[in-house]
């Protein structure tokens, strides 16, 4: 059975008429979470925060990184959340042991070429893979940087608190890096 067939079979078992009441598009708790796509966070981060289905808008990408601070999909999603869906607070949540902090751009480039992506295509479209991936040295520093990018974005209202947290994918523990109510940084205590 292929992955697609397996997923469709599971979906048929999962869905039953009227099993799930409709939810509003706006998050019940008026918050957005921007976090990493790491599989260890699935069905773990939101419950660790006391959140359920429909409570928050969740935006994910590799390493919870913002590479384009004005035109990127993350900022566009956050602006839509604030102005269209009632988001009143934003949580940037990085996690310990993030693979993006350990990524070797040259190794990825070799893998891309080995899988058929031409050197010319890479050189033209992403000449600086390290910058394009947004590779960072430490997840706490990345959270601080992303909070600053969002906080200083002219499209995000100043009355929206931007919090920064670090999540442990092993035990579910959260540490505050930036308190969005005071914009105080606690990174020195975590590093």
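The values are calculated or read from the model by the stated rules, or taken from the named source; none is laboratory data. It should be emphasised that the depicted structure is a prediction, and the values quoted were computed from it without experimental measurement. Glycine gets a Cβ as well: all are built from the backbone with ideal geometry, and neighbour counts include every protein chain shown.
Observations, loosely collected:
- Residue 17 at pLDDT below 95 and exposed (fewer than 10 other Cβ atoms within 10 Å of the Cβ): yes
- Residue tally, condition surrounded by fewer than 21 Cβ atoms within 10 Å (Cβ to Cβ) and either closer than 22 Å to residue 105 by Cβ or at pLDDT 95 or above (or both), over segment 60-72: 7
- Residue within segment 126-143 that is out of contact with any strand residue (DSSP E or B) (no Cβ under 8 Å at 6 or more places or on another chain), modelled with pLDDT of 95 or more, more than 19 Å from residue 175 (Cα to Cα) and buried (at least 18 other Cβ atoms within 10 Å of the Cβ) present: no
- Neighbours by Cβ (under 8 Å, 6+ apart or cross-chain): first from segment 120-134, in contact (Cβ under 8 Å) with a residue 60 or more places away in the chain and at negative phi; second assigned to a helix (DSSP H, G or I) and surrounded by 10 or more Cβ atoms within 10 Å (Cβ to Cβ): 133/62; 133/63; 133/100; 133/105; 133/108
- Every condition in (1) crowded, with 16+ Cβ neighbours inside 10 Å; (2) within 16 Å of the chain's Cα centre (by Cα) holds for residue 99 except the one numbered (1).
- Some residue of segment 136-147 being in contact (Cβ under 8 Å) with a residue 40 or more places away in the chain and assigned to a loop (DSSP other than H, G, I, E, B): yes
- Matching residues in segment 20-29 - criterion: being surrounded by 10 or more Cβ atoms within 10 Å (Cβ to Cβ) and more than 16 Å from residue 83 (Cα to Cα): 20, 23
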